Amino acid sequence: MSDGSYLQCGGRTRPTVVSGLAAAARPLETARDLDPLIDAIGDARYVLGEASHGTSDFFTWRMEISKRLIAEHGFSFLAVEGDSPNCHASTDT
């Protein structure tokens, strides 16, 4: 394909990272859309993530994930990478 979503490798066509992510991506519209992620956590004691460094959508979804980890999986400690004003604002809700 000429759009860059596939890579020629050893005579075979393989999907690139971008097309692989696009195939696995799911829309997030409601908190229930997080079900596959929350279910995949299973009995894990530790969950790691990465910050987007400032988008409001990211903070909204991170808060939903945090609430569900506490309520549904018994998490009692959350460490967050973020700047002070945004971290403080998240504790006010």
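No lab work stands behind these numbers, since they all come straight from the coordinates. As the structure is a prediction and not an experimental result, all values here were calculated from the model. Using ideal geometry, Cβ is built from the backbone for each residue, glycine included, and neighbour counts are taken over all protein chains shown.
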Phi-based couplings in Hz for segment 58-68 (Karplus 6.51, -1.76, 1.60; Gly and Pro marked x): 4, 4, 4, 5, 4, 5, 4, 4, 4, 4, 6
Ordered by residue, what ³J(HN,Hα) values in Hz, to whole numbers, does segment 32-42 give under the Karplus form 6.51 cos²θ - 1.76 cosθ + 1.60, where θ = phi - 60° and Gly and Pro are x? 5, 5, 7, 3, x, 5, 4, 5, 5, 5, x
Working out 0.36 nm times the residue gap between D39 and S56, then minus their Cα-Cα distance, what length gain in nm do you get to one decimal? 3.7 nm
Counting only residues 5 or more places away or on other chains, whose amide H sits under 5 Å from the amide H of F75 once H atoms are built in the peptide plane? I70
Where Lys and Arg each count +1 and Asp and Glu each count -1, what net charge lies around I70 among other residues with Cβ under 13 Å from its Cβ? +1
